[in-house]
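Below is one structure; the comments refer to it alone.
The values are calculated or read from the model by the stated rules, or taken from the named source; none is laboratory data. Just so you know, these numbers come straight off a predicted model, no measurement behind them. Neighbour counts run over all protein chains shown; Cβ positions are idealised from the backbone, glycine included. All accessible areas refer to the heavy atoms of the entire protein, side chains included, with ligands and DNA or RNA removed. Shrake-Rupley method; radii C 1.70, N 1.55, O 1.52, S 1.80 Å.
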Amino acid sequence: MSNQKKRNFQIEAFKHRVVVDPKYAEKTWKILEHAIHEIYNHNASGLSFEELYRNAYNMVLHKFGEKLYSGLVATMTSHLRDISKSIDAAQGDSFLEELNRKWNDHNKALQMIRDILMYMDRTYIPSTHKTPVHELGLNLWRDNIIHSSKIQSRLITTLLDLVHRERTGEVIDRGLMRNIVKMLMDLGSSVYQEDFEKPFLEESAEFYQGESQEFIECCDCGDYLKKAEKRLNEEIERVTHYLDTKSEVKITNVVEREMIANHMLRLVHMENSGLVNMLLDDKYEDLGRMYNLFRRVPNGLSTIREVMTSHLRETGKQLVTDPERLKDPVEFVQRLLDEKDKYDSIISLAFNNDKTFQNALNSSFEYFINLNTRSPEFISLFVDDKLRKGLKGVSEEDVEIILDKVMMLFRYLQEKDVFEKYYKQHLAKRLLSGKTVSDDAERSLIVKLKTECGYQFTSKLEGMFTDMKTSQDTMHDFYASHPELGDGPTLVVQVLTTGSWPTQPSATCNLPAEMSALCEKFRSHYLGTHTGRRLSWQTNMGTADIKATFGKGQKHELNVSTYQMCVLMLFNNADRLSYKEIEQATEIPAPDLKRCLQSMACVKGKNVLRKEPMSKDIGEEDAFYVNDKFTSKFYKVKIGTVVAQKESEPEKQETRQRVEEDRKPQIEAAIVRIMKSRRVLDHNNIITEVTKQLQSRFLANPTEIKKRIESLIERDFLERDSGDRKLYRYLA
């Protein structure tokens, strides 16, 4: 089999030639041409589509595709020219209706013609790279109808006129408008863009430019923004009804540019109704509208933010520097909190909780709170007021809210250590006088401070609470081991660890004999149970309850300070005492003695003593008597000491000095930590690093840092580089 020759199969044409009638092509084309005329004249019902399809098929098969194609172009073109004339002849509103009707007819005709010429569409057209029948029909419609000299400009004018009429409040036939616009889109995106969209956007820009100018002259800012928003929404709605969706971005850009971007500064600064007025009057709706419109344009939000920030800084500056407003610290802090609440509400309700606005708000508050050096003291006084009496009857959740707000102001403070100093003093007074409303609230605030600033910040504050608890146990043990003391005066001692409590200069004072003996017993009991400790009495921080009998046998229980008790007990042995005698007997420091006498002799309703001569201030020549006419509707009478709620100038200087002293070791520790890890560092970088490390507690002064560096060099922790004086080395 392998020797046999392989046979090659070949397909050959028929031996006899197929002769085609020379007039075949002409006859067949006539039939097809007649059919196209009938289709355009709405007489297609009598046609046999099967027969027509076969005729077109045969023409292509017999290589007459070119004749068929060119005949089709010529026939359609002649029909479209007639259609163009009838559309042009339509007057007024019927122009678009006629155009729409003819377009629909053309589409139906095109569909039928394409079905008949399907074979040509599938074989002849791809091989000769000609335009397919449907696309050809659209191109011919574009060239002969839409781009005809008479119709083109008339169509654009009519469409723009309809849009203008709709903008000025007329109702137009949106369905017809949608059909015409869709026709332009079907003819290709370039036709829609060039023949409609481009002139539409130009005309819109002109329209809104004029309208915005008109509005801005006669409306206030809020009304203008409402109109701008309405126009914007109308344009978006117009796109959904009868324009290409891609036009939305372009037309909204036009409205935004003409109505907002071009008038941005004028709107924001508009007299009596601009952004500042909206902020002052809490116009959340207008502010929200401004935010939503301005965010659509470049630099819109930054414009709002800058104006808000400068206004906030200005009002904040007035708030913290106005001498009138500094008289009441509690009121001062409450105003700050109210201002913060106000802007928090604006940012959450109107500015969509925008983080950039939150940051601007925080930086503004930080700026103006630190303009007033007394802010740390005032915030601590505010806390003191709330924790003494302000939170009575307030639910736990509300207490937490108030404490959180205080913490928020605390975060803005640059000198957190100054706050700590005052807070410690105020907390000590609250704990020792038993004036705190709730231990839970006190502890909650300490936990918040600990979270914010770390363990170091609050360890001493926590130590104060520990001392209070330990003191209770100590007193329990003292009375258990001295049962004989049950009948005499009762002593309650708080034993305070020196390091934890604010150091007070221990002023001696002569206690009444019976109290003095009791104190000695306590001292020997305490030192007997604890070795290696030293007790010094802080009489300036104590209180006492004493029973007193006035004229007509009227009895009262007086709650007084230790100093006041010492003074009152002197009157058991004398009716009249001069200031000098009292001072000599008690040895109370003069400023404290004057305050304590003032509160007992000059305060209405608490005047258990009377003085001669009568005046508001205490003089060194004054004499004092028991006020036999003293009356009160209460059995228990609390006589407070006249205290300066805010610190006096010398006290302020002293606190500031103590703060500065406390900062020195912290700055040195930071320098050593940095130099230990870096070994060699130049002066400027040390300053930067130290400031950064300590900013959670205070803003370090570069001059002070320099002094601390010098001190460390003297003590051989650091040395200067021999070549470069600004370079420091760490000495291990």
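Here are some notes:
- Most positive-pole-ward Cα, HIS530, TRP29, VAL133, against dipole of the chain from beta carbon charges: HIS530
- Of the GluC sites (Glu not before Pro) found in the stretch 108-172, those that fall in a DSSP loop while having at most 10 other beta-carbon atoms within 10 Å are GLU170.
- Solvent-accessible area of SER348 with every protein chain in place, 1.4 Å probe, in Å² to the nearest 10: 60 Å²
- Probe 1.4 Å, accessible area per residue of the stretch 248-387, Å²: 43 Å²
- Taking the three principal axes of the alpha carbon atoms in the stretch 107-250, the coordinate ranges are 69, 28, 26 Å, sorted in descending order.
- Peptides 458-467, 412-421 ranked from most to least packed by the mean count of surrounding Cβ atoms within 10 Å: 412-421, 458-467.
- Over the stretch 569-690, the ratio between the Cα radius of gyration and 2.2 N^0.38 Å evaluates to 1.87.
- Within straight-line cross-link reach of LYS706, lysines at Cα separation under 24 Å, skipping those fewer than 8 residues along the same chain: LYS416, LYS664, LYS676, LYS692, LYS726
- Solvent-accessible area, 1.4 Å probe, carbon plus sulfur percent, for the chain: 49 percent
- In the chain, the longest principal axis of the Cα atoms and the axis of helix 221-242 are about 30 degrees apart.
- Once both labels are positioned 7 Å from their Cα atoms along Cα-to-Cβ, the gap between THR497 and ASP617 label points is 4.4 nm.
- Between GLU202 and ASP115, the contour length at 0.36 nm per residue exceeds the Cα-Cα span by 27.1 nm.
- Couplings 3J(HN,Hα) of the stretch 271-277, computed from phi: 5, 6, 8, x, 4, 4, 5 Hz, in residue order, whole Hz [Karplus 6.51 cos²θ - 1.76 cosθ + 1.60, θ = phi - 60°; x for Gly and Pro].
- Working from Cα pairs under 8 Å separated by at least six residues, relative contact order for the stretch 232-344 is 18 percent.
- Listed values [x] 1.27; [y] 1.32; [z] 1.10 include one computed from this model; for Rg/Rh (Cα atoms, Kirkwood Rh) that value carries the label [y].
- Cα-based helix-to-principal-axis angle, 649-678 vs the chain, degrees rounded to 10: 60 degrees
- Mean accessible surface per residue for the stretch 498-606, computed with a 1.4 Å probe while every protein chain stays in place, in Å²: 55 Å²
- The stretch 89-229, relative contact order in percent, only Cα pairs under 8 angstrom and at least six apart counted: 21 percent
- With a threshold of 32 Å on the Cα-Cα distance, the over-threshold entries among LYS340/LYS633; LYS392/LYS450; LYS150/LYS226 are LYS340/LYS633; LYS150/LYS226.
- Checked against a 19 Å cut-off, the cross-linked pairs LYS230/LYS355; LYS547/LYS629; LYS327/LYS460 give Cα-Cα distances beyond that limit for LYS230/LYS355; LYS327/LYS460.
- Label-to-label distance, nm, for residues given as ASN272 and SER696 (7 Å Cα→Cβ offset): 5.3 nm
- Anisotropy class of the stretch 509-602 from Cα gyration tensor, a/c 1.5 cut: prolate
- Degrees, to the nearest 10: 94-116 long Cα axis against longest axis of the chain: 60 degrees
- Entry comment: accessible area of the stretch 99-241 is 47 Å² per residue, from protein heavy atoms only and a probe of 1.4 Å.
- Per-residue packing, averaged as other Cβ atoms within 10 Å, sorts the ranges 700-708, 223-231, 675-683 into the order 223-231, 700-708, 675-683, beginning with the highest.
- Heavy-atom accessible area, probed at 1.4 angstrom with all protein chains present, ranks TYR208, TYR730 as TYR730, TYR208, highest first.
- In terms of its C-alpha gyration tensor, the stretch 144-200 has a prolate overall shape, because the principal axis ratio a/c (a ≥ b ≥ c, square roots of the eigenvalues) is not below 1.5 and a/b outweighs b/c.
- Label-reachable residues, the stretch 537-563, where backbone N falls under 20 Å from a point 7 Å from TYR526's Cα toward its Cβ: 537-545, 561-563
- As a calculated quantity, the FRET efficiency between LEU727 and GLN657 at R0 = 30 Å, using C-beta atoms, amounts to about 0.35.
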